[in-house]
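S.K.: The structure's right below; bear with me while I get my questions together.
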Amino acid sequence: MTISYNGLWKLLIDKNMNKTDLMKEAKLSSGTIAKMSKGEPVSMLVLEKICDKLDCDFGDLVHYEKKVKGD
């Protein structure tokens, strides 16, 4: 299983924000941002905080990519 947060990173660009801005606005830890940068899972509460601050939906942030056999 691979989680892609590319939607979130694109949304930040569209809103002229960076990861540090997101961290401050949504009151997230640097560890949480690091996990997301590595494509690791985070809690639904984290995604909810982000959606509240960016006025978006979960689907705007996260995309699930199935691993193909052999990967």
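Quick note: the coordinates plus some simple rules give every number you see, no bench work behind them. Bear in mind that the values here come from a model prediction, so they are computed numbers and not experimental data. Cβ: placed from backbone, ideal geometry, glycine included. Neighbour counts: every protein chain shown.
S.K.: How far, in nm, would the chain grow between residue 34 and residue 10 when pulled straight, counting 0.36 nm per residue and subtracting the alpha carbon separation?
M.R.: 7.0 nm
S.K.: Something else: With labels modelled as points extended 7 Å from the Cα through the Cβ direction, what inter-label distance (nm, one decimal) is found for residue 3 paired with residue 27?
M.R.: Placing both labels 7 Å beyond Cα along the Cβ direction yields 2.1 nm.
S.K.: Could you give the spread of the C-alpha atoms of the stretch 1-70 along their three principal axes, from largest to smallest, in whole angstroms?
M.R.: The Cα atoms of the stretch 1-70 stretch 40, 23, 19 Å along the principal axes, largest first.
S.K.: Using only DSSP helix segments of four residues or longer, with each worth -39500 (n - 2.57), what per-residue ellipticity at 222 nm results for the chain after dividing by its residue count and rounding to 500?
M.R.: -15000 deg cm²/dmol
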